[in-house]
Amino acid sequence: MSVLVRIPTPLRPLANGQKEIQLKGASVREVLESLIRDYPGIRERLMDEKGEVRRFINIYVNEEDIRFLGGTETPVKDGDELSIIPAIAGGSR
Amino acid sequence: MSNPSASPRPFPEDRKASSLMRGLKCRECGRIYDLAPVHVCDFCFGPLEVDYDYEAIGKIMSRDSVDKGPKSLWRYKHLLPIAEEPTIGLYAGMTPLVKADRLGKALGLKNLYIKNDTVNHPTLSFKDRVVAVAINRARELGFRTVACASTGNLANSVSAHAASAGMECFVFIPHDLEAGKILGNLIYRPTVVAVRGNYDDVNRLCSEIGGEYPWAFVNINIRPYYAEGSKTMAFETAEQLGWRVPDQVVVPIASGSLLTKIWKGFQEFSRLGLVDSHPDLKVNGAQAQGCSPVYQAFAAGRTQFVPVKPKTIAKSLAIGNPADGYYALDVIGKSHGQVEAASDPEIVEGMVLLAETEGIFAETAGGVTVACLKKLAEKGAIRPDELTVAYITGNGLKTMEALTGYLPEPVGIDPTLASFQKIVNPS
């Protein structure tokens, strides 16, 4: 499976400045593992000490938060888009 | 509409930054950053917060210095993150703290106050506080364009402040907002972008737009400064109570930012010796049942929330993925507060109860707060004699649709005394 991964600005320097990268994997976890294999510097930024995705990072597959899908085990298919987005953004009260 | 690429990039940091602000600090990993328009830690993506020099502030800020300040939130400027004197939003804050005896009687509470931000200046919600701070800071940082992702009130306030500052303005809102909140943007002539999605979709989109356009997104790249404005809700409460911290507060939760900043505001006053050194304050949260990720986490005893898809008439609280939800849960837990949630009918009942007892017409979020206050009182989480403050954050004239079908029609008569006497007989 080839998935387009959109890299957030703070991580781009660790991925040769790329905004988007085509990566292989059958699930979100596998795609993230591919990303880390190709760009090892990203690991400590994306994952906490326990190997879980950090608390303030949200991951979306085709515009949907993976917490509404199957978390990092969410399956992905050819042509899917995966976005890595900092959790801290807008907000009202 | 200008071509955004034609705007120069603002300065990466403010060289004139006040000595009272030492920098920005990551709440998660503690890394230090310049006082720049950044909001996320480059390393761990945690939120950045302003790091103040409290020792220096303590030397120049006192009850007396506050008392001599302007009748606005700028009387607390030493604890707000701007480097120079404010020039925009000079009249925000210092809203009434109302002793709510009639509402208190209805709820069995003897010492109840309402912090009434339905009359904040200029756009009738507590957002005038955060935006007053954000716009001044955005100008200091060299921005010419301001923007926001909003459930309505924030967009109204950003639009109005941008107009008065002569700045270009883009506001991004969910497409299905109340008419009053849409009109409350358009009148100020910003570019209003109605996104076909809910607030969480708008927010996510704006995070991406913010990476591409050199704009001051008040609740994104300016968020560390912006959010500090909410502390003034606590500062004013303490001062208006005669330099006291309440026993209990009830705060509506959308992103969770207001609740955490009210807690921080009381803590800062305590640290500076302006109030008791060890206030015993319980911070309670109020959510709508149709969008209650923080309530659900609290009820299940979890420290992290699971996002939800909002479905509630309280649109200003309809954030299913609250940015500060984690920290809100933390504050509620360590202050031994609670979270309640109100159904849509209970929200309307809360709006009506507040109006008929105190003469205050709050928006749906105010209905949520009153309904949850009622639940907390009924179950004994708030005792009758405790000094309690409920935060009413927006004006009912902006959310009139929510009341459709709930209120009686006017009584129609002919223009004659006889016609009137048919409905009201003189005693």
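Each reported figure results from applying straightforward, stated rules to the coordinates on display, with no laboratory input. This one's a predicted model, so the numbers in the text were calculated from it and none came from an experiment. Note that each Cβ is placed from the backbone with ideal geometry, even for glycine, and that neighbours are counted across all protein chains shown.
Hey, with R₀ at 30 Å, roughly what FRET efficiency would B:V411 and B:L183 work out to, going by the Cβ-Cβ distance, to 0.05? It comes to 0.55. Computed from Cα atoms, the angle from the helix B:127-140 axis to the main principal axis of chain B rounds to 20 degrees.
Put in order of Cβ neighbour count within 10 Å, fewest first, the listed residues B:V424, B:V119, B:V245 become B:V424, B:V119, B:V245. Sparsely packed loop sites in chain A (the GluC sites (Glu not before Pro) outside DSSP H, G, I, E and B with at most 13 other Cβ atoms within 10 Å) comprise A:E49, A:E52, A:E63. Taking the fewest neighbouring Cβ atoms within 10 Å as the starting point, the ordered list for B:S343, A:S27 is B:S343, A:S27. Measure nothing fancy, just the Cα-based angle from helix B:257-271's long axis to the longest principal axis of chain B, in degrees from 0 to 90, nearest 10. So the helix axis and the longest Cα principal axis differ by about 70 degrees. Derived scalar couplings between HN and Hα for the range B:154-163 equal 5, 4, 4, 6, 5, 4, 5, 5, 5, 4 Hz in order, rounded to whole Hz, by the Karplus curve 6.51 cos²θ - 1.76 cosθ + 1.60 (θ = phi - 60°), x for Gly and Pro.
For the range A:2-86, the Stokes-Einstein estimate of translational diffusion at 25 °C and a viscosity of 0.890 mPa s comes to 195 µm²/s, using the Kirkwood hydrodynamic radius over alpha-carbon pairs. Normalising the Debye intensity of the protein assembly as shown to I(0), with uniform scatterers on Cα atoms only, and taking log10 at q = 0.08 Å⁻¹ returns -0.50. For the peptides B:401-407, B:384-390, B:57-63, the ranking by mean Cβ contacts within 10 Å, running from highest to lowest, is B:384-390, B:57-63, B:401-407. Shielding by partners for peptide A:8-16, expressed as the average number of C-beta atoms from other protein chains within 10 Å of each residue's C-beta, is 3. Residue by residue along B:256-268, Cβ atoms of other protein chains within 10 Å of the local Cβ number 1 on average. Taking amide H positions as modeled 1.01 Å from N, with prolines and chain starts lacking one, the residues under 5 Å from B:N321 and 5 or more places away or on another chain are B:V308.
Can you flag which of B:K264/B:K374; B:K71/B:K127; B:K110/B:K334; B:K77/B:K282; B:K127/B:K315; B:K231/B:K375 are past 21 Å Cα-Cα? Too far apart for the 21 Å limit: B:K264/B:K374; B:K110/B:K334; B:K77/B:K282; B:K231/B:K375. Other protein chain C-beta atoms within 10 Å of residue C-beta, averaged over B:319-325: 4.
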